[in-house]
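Here the structure comes first, spelled out in structure tokens, and everything after it is commentary.
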Amino acid sequence: MNNSEAGMIEAVAQGANAPGVVKDVLFKDIGLKIGDRLILEPPPKLGEQLGMVKLIGYVNDVSVLVTMPDTRAWAGPPIEGDEFAVRAFSGRHAYGFSTTVGKRSVNPFEYLHLQFPRRITMRQIRNAERIATTISARVLDGAEPVSTTVTNLSATGAELRAWDPPRAIGETISLELILDIHKVRTRVVVSATIRNTHDIVDTGEAAYGVEFSDVNAQTNIFLKSFVYQNLVEQPHKRL
């Protein structure tokens, strides 16, 4: 990932229409818990695909411990001295900092000691950056799964082509999506409440507007990552 793309990701994270406010915060202010996920941007020598790790713990002003990322798409595993950009999402904020690998440990399992960040930036993100999509999906709450298409998507909701038998506003469904996140096909299942019925712009097909509910932290990261990835790679999809 080159510097211009990294800058675009930062711009997307704050939202094109959101105030461009950047604040410095302390690591403890992020509110991360053990097991929360962080996104790693590797150095160019390893590759361009982002990696995902889990927070194991940290010692203030010394080290941040994370699990070893999946390195199959990289040129090799990270070693001491490798520089990484780290991204995290919490609530309505995106956080970022730069760090280096202080130590790679292999016993009793592989994990990384990352240099404790000297500066962490925080940006407010919009609640619902939305993109146009053509994602095949399934509604799972009936006796048999029903196919539909997600015609636009955000981290908080979606527009779906209507299906038979019709559903009423206020009904809750279970929706299965397969998202291509940085070349990795990821299955996501979310609960969604039908908030409105309308016609899709341009085609005139009947559609439902749904709002996601009870979205866990991992699913929230997957949805945001998919939306932000598409905003960077295909900004014309922004709605």
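The values are calculated or read from the model by the stated rules, or taken from the named source; none is laboratory data. The structure presented is a predicted model; accordingly, all values stated were derived computationally and were not measured. All Cβ positions, even for glycine, are placed from backbone atoms using ideal geometry, and neighbour counts span all protein chains on display. With ligands, DNA and RNA removed, areas are computed over all heavy atoms of the protein, side chains included. Shrake-Rupley method; radii C 1.70, N 1.55, O 1.52, S 1.80 Å.
Mind checking which residues of segment 123-176 are open to solvent by 30 Å² or more (accessible area, probe 1.4 Å), under 30 Å from Arg87 (Cα atoms) and aliphatic (A, V, I, L, M)?
If the condition is that a residue be open to solvent by 30 Å² or more (accessible area, probe 1.4 Å), under 30 Å from Arg87 (Cα atoms) and aliphatic (A, V, I, L, M), then Ala128, Ala132 are the ones that fit.
In this structure, does Pro19 turn out to be modelled with pLDDT under 90 and in a loop (DSSP other than H, G, I, E, B)?
yes
Is segment 164-184 home to any residue that is at positive phi and charged (D, E, K, R)? Reasoning before the result, please.
Step one: list which residues in segment 164-184 are at positive phi, which gives 170, 182-183.
Still in the running and charged (D, E, K, R): 183.
Checked segment 164-184: at least one residue is at positive phi and charged (D, E, K, R).
Considering only segment 180-223, state which residues are part of a helix (DSSP H, G or I) and open to solvent by 40 Å² or more (accessible area, probe 1.4 Å). Spell out how you get there, then give the answer.
Initial filter on segment 180-223 (part of a helix (DSSP H, G or I)): 217-223.
If the condition is that a residue be part of a helix (DSSP H, G or I) and open to solvent by 40 Å² or more (accessible area, probe 1.4 Å), then Ala217, Gln218, Asn220 are the ones that fit.
Regarding Leu38, is this residue more than 24 Å from Arg123 (Cα to Cα), open to solvent by less than 40 Å² (accessible area, probe 1.4 Å) and among the aliphatic types (A, V, I, L, M)? Let's see the steps before the verdict.
Numbers: more than 24 Å from Arg123 (Cα to Cα): no; open to solvent by less than 40 Å² (accessible area, probe 1.4 Å): yes; among the aliphatic types (A, V, I, L, M): yes.
Criteria not met by Leu38.
Do the conditions hold for His113, that is, is it of a type outside the set (Val, Ile, Thr), over 29 Å from Leu223 (Cβ atoms), in contact with a Lys or Arg (Cβ under 9 Å, 6 or more places away or on another chain) and surrounded by 18 or more Cβ atoms within 10 Å (Cβ to Cβ)? Before the answer, list the steps.
Numbers: of a type outside the set (Val, Ile, Thr): yes; over 29 Å from Leu223 (Cβ atoms): yes; in contact with a Lys or Arg (Cβ under 9 Å, 6 or more places away or on another chain): yes; surrounded by 18 or more Cβ atoms within 10 Å (Cβ to Cβ): yes.
Spelling it out, His113 is indeed of a type outside the set (Val, Ile, Thr), over 29 Å from Leu223 (Cβ atoms), in contact with a Lys or Arg (Cβ under 9 Å, 6 or more places away or on another chain) and surrounded by 18 or more Cβ atoms within 10 Å (Cβ to Cβ).
Got at least one residue in segment 100-119 being within 21 Å of the chain's Cα centre (by Cα) and not hydrophobic (A, V, I, L, M, F, W, C)? Show your work before the answer.
Step one: list which residues in segment 100-119 are within 21 Å of the chain's Cα centre (by Cα), which gives none.
Looking for residues that are within 21 Å of the chain's Cα centre (by Cα) and not hydrophobic (A, V, I, L, M, F, W, C), one finds none in segment 100-119, hence no.
So, Thr99, is that one touching a strand residue (DSSP E or B) at 6+ places or on another chain (Cβ under 8 Å), surrounded by 18 or more Cβ atoms within 10 Å (Cβ to Cβ) and either modelled with pLDDT of 95 or more or not in a strand (DSSP E or B) (or both) or not? Even if it seems obvious, please write down each step before you answer.
Values: touching a strand residue (DSSP E or B) at 6+ places or on another chain (Cβ under 8 Å): yes; surrounded by 18 or more Cβ atoms within 10 Å (Cβ to Cβ): yes; either modelled with pLDDT of 95 or more or not in a strand (DSSP E or B) (or both): yes.
It is true that Thr99 is touching a strand residue (DSSP E or B) at 6+ places or on another chain (Cβ under 8 Å), surrounded by 18 or more Cβ atoms within 10 Å (Cβ to Cβ) and either modelled with pLDDT of 95 or more or not in a strand (DSSP E or B) (or both).
Within segment 64-86, how many residues are open to solvent by 50 Å² or more (accessible area, probe 1.4 Å) and assigned to a strand (DSSP E or B)?
1
Just a yes or no: is a residue in segment 35-50 more than 18 Å from Ser105 (Cα to Cα), free of Cβ contacts under 8 Å to residues at least 60 places away in the same chain and among the acidic types (Asp, Glu)?
There is at least one residue in segment 35-50 that is more than 18 Å from Ser105 (Cα to Cα), free of Cβ contacts under 8 Å to residues at least 60 places away in the same chain and among the acidic types (Asp, Glu).
Check Thr203, Thr186 and return the single one that is under 30 Å from Glu41 (Cβ atoms) and among the hydroxyl-bearing types (Ser, Thr, Tyr). Quick ask: steps written out before the conclusion?
Values: Thr203 fails: under 30 Å from Glu41 (Cβ atoms).
Of Thr203, Thr186, the one residue that is under 30 Å from Glu41 (Cβ atoms) and among the hydroxyl-bearing types (Ser, Thr, Tyr) is Thr186.
In this structure, does Arg138 turn out to be at pLDDT below 90, closer than 23 Å to Gly157 by Cα and not in a loop (DSSP other than H, G, I, E, B)?
Details: at pLDDT below 90: no; closer than 23 Å to Gly157 by Cα: yes; not in a loop (DSSP other than H, G, I, E, B): yes.
No, not satisfied.
Look at Glu129 and say whether it is among the acidic types (Asp, Glu) and within 20 Å of Asp214 (Cα to Cα). First the steps, then the outcome.
Details: among the acidic types (Asp, Glu): yes; within 20 Å of Asp214 (Cα to Cα): yes.
Here the answer is yes, as Glu129 does meet what is asked.
Identify the residue in segment 102-116 that is assigned to a strand (DSSP E or B) and either in contact with a Pro (Cβ under 9 Å, 6 or more places away or on another chain) or without any contact (Cβ under 8 Å) to a residue 12 or more places away in the chain (or both) and, among all such residues, is farthest from Lys23 (Cα to Cα). Lay out the reasoning, then the answer.
First pass over segment 102-116, keeping only residues assigned to a strand (DSSP E or B): 102-105, 111-115.
From what's left, either in contact with a Pro (Cβ under 9 Å, 6 or more places away or on another chain) or without any contact (Cβ under 8 Å) to a residue 12 or more places away in the chain (or both): 104-105, 112.
Numbers: Arg104: 31, Ser105: 33, Leu112: 27 Å.
Taking the candidates together, the pick is Ser105.
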